Amino acid sequence: MKYFNFQNIRLVVMFLILIGLFSFTSIRNSQRKIKKIDVEIIDNNMPFLKPEMVNKLLIEKNQYPKTIHKDGLDLNKLEKSVSKQQFVEKADVFVTVDGVLKAVVKQKSPVGRVVAQDSSFYIDSEGNRMPVSENFTARVPLISGGIFNVDKEKFAEVLQKINSDDFLKKNIISVQILPNGSLVMENRNYDYKIDFGRTINIDKKFKNYKAFFQRAVNDSLLKNYKRINLKFTQQVVCIK
């Protein structure tokens with residue numbers, strides 16, 4: 001019984017020591033000042049954002065974060081501030097164990113550009129508006145017509161298919177949206193129009209177009225066509 005009691009006392013003492021050490025370490029860690037700021041922009045093949053732009057957003061109440069302690073930072077507020085930036089899709093802001101204030105930022109991805117008389121902006125991968133940038137110009141299809149005539153998510157899906165496919169990205173340079181929601185596309189190297197139709201059967205239509213193009217280009221027939229109709233999923237209709 002005495003041995004049992006001694007063992008219990010020793011365990012309690014060890015437990016209290018561990019709590020004390022943990023508390024001391026936590027307090028000491030929270031009182032450390034931020035050593036530096038590190039900004040990581042992932043998928044930076046389209047550099048709309050520069051690290052210094054994110055650095056400015058990491059300033060809280062006009063106080064440079066490196067002058068304050070770790071426990072004085074409102075990381076949630078900083079993260080929201082960075083996430084609201086017009087080119088940011090998602091942001092994670094945290095402090096590393098060695099005192100580095102780190103921001104990991106994912107940029108929005110433009111998939112098309114609307115050029116109107118009074119404005120110009122991108123369409124991002126989710127179908128939302130995205131401003132143009134002074135830092136970088138993306139090579140994406142130009143959009144004309146009424147963007148409110150199509151479902152933004154389905155239209156974004158069409159544009160994503162174009163941008164993610166090497167063949168389509170090189171060949172399709174513009175998309176016109178008609179009042180009825182149908183799409184008409186232009187090819188980079190040939191004069192014909194592509195009647196894509198509404199934003200349905202997207203994969204099938206593009207698959208048909210790619211198969212048709214390969215056959216027609218081998219037979220040197222593409223220069224003879226004025227319109228390529230993809231509305232019928234079982235066939236491609238060509239008009240000379």
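The values are calculated or read from the model by the stated rules, or taken from the named source; none is laboratory data. Note that this is a predicted model, so its numbers are computed, not measured. Note that we place each Cβ from the backbone using ideal geometry, even for glycine, and neighbour counts take in every protein chain shown. Accessible surface is based on the protein model in full, side chains and every heavy atom, while ligands, DNA and RNA are left aside. Shrake-Rupley method; radii C 1.70, N 1.55, O 1.52, S 1.80 Å.
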N128 versus N45: modelled label distance in nm, points set 7 Å from Cα along the beta carbon direction: 2.3 nm
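Provide the per residue accessible area, probe 1.4 Å, for the range 147-240, rounded to a whole number of square angstrom. Write out the running numbers ahead of the final one.
On the way: 5440 Å² over 94 residues.
Result: 58 Å² of accessible area for each residue.
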Heavy-atom accessible area of S125 with all protein chains present, probe 1.4 Å, nearest 10 Å²? 30 Å²
Rounded FRET efficiency, nearest 0.05, which uses the C-beta distance separating C238 from I202 and R0 of 25 Å: 0.75
Once K102, K152, K170 are ranked on solvent-accessible area with the largest value leading and a 1.4 Å probe, the list reads K170, K152, K102
Determine the gain in length on full extension of the stretch K231-S119; use 0.36 nm per residue of separation and subtract their C-alpha separation, reporting nm with one decimal. 37.2 nm
Would you please give the FRET efficiency between N224 and N149, computed as 1/(1 + (r/R0)^6) with r the Cβ-Cβ distance and R0 = 35 Å, to the nearest 0.05? 0.65
Cα centroid of the range 144-194 to Cα centroid of the range 197-240, whole Å: 14 Å
